[in-house]
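The values are calculated or read from the model by the stated rules, or taken from the named source; none is laboratory data. Quantities reported herein were computed from a predicted structural model and do not represent experimental measurements. Here the Cβ positions follow ideal geometry from the backbone for every residue, glycine too, while neighbour counts run over all protein chains shown.
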Amino acid sequence: MRQPLNFWIVGGDLRQATLAKALAEDGHTVHTYALDQGVDPALADDNLEAICEADCVVLPLPALDRDGINAPLSQRRLSLQELLAAPRPGQLLCAGMAPPLLKEAAQAAGLSLTDYFAREELTVANAVPTSEGAIQIAMEELPITLHSARVLVVGYGRLGKVLARQLRGLGARVTVAARSCTDLAWAQVWSYGVERSDQLSGWLCSYDLVINTVPAPILGREELSDLKPGCLVIDLASKPGGVDLAAAAEMGVKVIWALSLPGKVAPVTAALAIKAALYNILTELGV
């Protein structure tokens, strides 16, 4: 076990609740705030007064919502200003998907902010539950089996690679769409069909399922008009997504924008991946 540390976990969903439990089981001192459900009441604090003693303050993934700190499991509303007024200058904050507003405010408060969602090891680990969640959605929504279904995976990054592999394992006929010549070459090495993601118009009429992983406009009105009736589109891309939802609704194309799947389908696995990333951050910082 690493040296016992003092963690404060503020806000979050079941991932943060599980993270609190896992850190406590590792022998650390853990306090939670604005995290009422799914967490041991013995870990909960009613105020932020002692947060200045923390070795690491952990914020959710994503860190903020429109009301302040993202805290879906609590009735307590915590503004960013309230949170940042409590720690001491120089204290370490670790947040997931930290927006510019949080980064600027933390810097102004003299705090050290690290975005754990930007860690490569966490992104890779999250690809597995995201892929499994997308496959679960497809199985529930499609009237056919994935075995022998024609599936297009748009994007061949970390998530696209895992998706293509898992879909093929279920017997799907997988095609990969990408812009990079290198990505297309690797897709061909693994015997997937290939398409250019910037030239999809006119090439989409044969697919039963299209899964987008690219957080940029990919499937607009022209591309959506090519889809055969009954084709399901699952968008896994973070905001603003890659599908023209208004056009899809007009055209009767079923699109499911499935965000934050790791926290929904596998919160324990996702929490342990966050814990591993936090430990790596602390080790690199010498904490």
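Go through Q91, Q75 for me and flag whichever is surrounded by fewer than 19 Cβ atoms within 10 Å (Cβ to Cβ) and either polar (S, T, N, Q) or within 20 Å of G263 (Cβ to Cβ) (or both).
It is Q75.
What pairs can you find where one residue is in segment 30-53 and at positive phi, the other is of a type in the set (S, T, Y) and assigned to a loop (DSSP other than H, G, I, E, B), and their Cβ atoms are less than 8 Å apart, with a gap of 6+ or different chains?
Correct list of pairs: A34/S74.
Residues being polar (S, T, N, Q), surrounded by fewer than 23 Cβ atoms within 10 Å (Cβ to Cβ) and touching an Asp or Glu at 6+ places or on another chain (Cβ under 7 Å): count how many of those fall in segment 197-231.
1
Quick one: count up the residues across segment 235-287 that are of a type in the set (D, E, K, R) and within 17 Å of A95 (Cβ to Cβ).
3
Give the number of residues within segment 39-85 that are of a type in the set (G, A, S) and under 20 Å from the mean Cα position of the chain (by Cα).
3
What helices (runs of 4 or more DSSP H), lying completely within segment 181-257, carry at least 2 residues that are under 23 Å from E141 (Cα atoms) and touching a residue at least 12 places away in the same chain (Cβ under 8 Å)?
221-226, 245-251
Restricting to segment 232-286, give me the number of residues that are touching a strand residue (DSSP E or B) at 6+ places or on another chain (Cβ under 6 Å) and surrounded by fewer than 15 Cβ atoms within 10 Å (Cβ to Cβ).
Qualifying residue count for the region: 1.
Take Y156 and tell me if it is under 18 Å from the mean Cα position of the chain (by Cα) and either within 19 Å of G133 (Cβ to Cβ) or without any contact (Cβ under 8 Å) to a residue 60 or more places away in the chain (or both).
The answer is yes for Y156.
Would you check if there is a residue in segment 131-142 being without any contact (Cβ under 8 Å) to a residue 12 or more places away in the chain and either out of contact with any Cys (no Cβ under 6 Å at 6 or more places or on another chain) or outside the structural domain of G242 (by TED's automatic domain parsing) (or both)?
yes
Inside segment 243-287, can you point out the residues that are hydroxyl-bearing (S, T, Y) and either farther than 14 Å from R119 by Cα or assigned by TED's automatic domain parsing to the domain that holds L93 (or both)?
S260, T269, listed by residue number.
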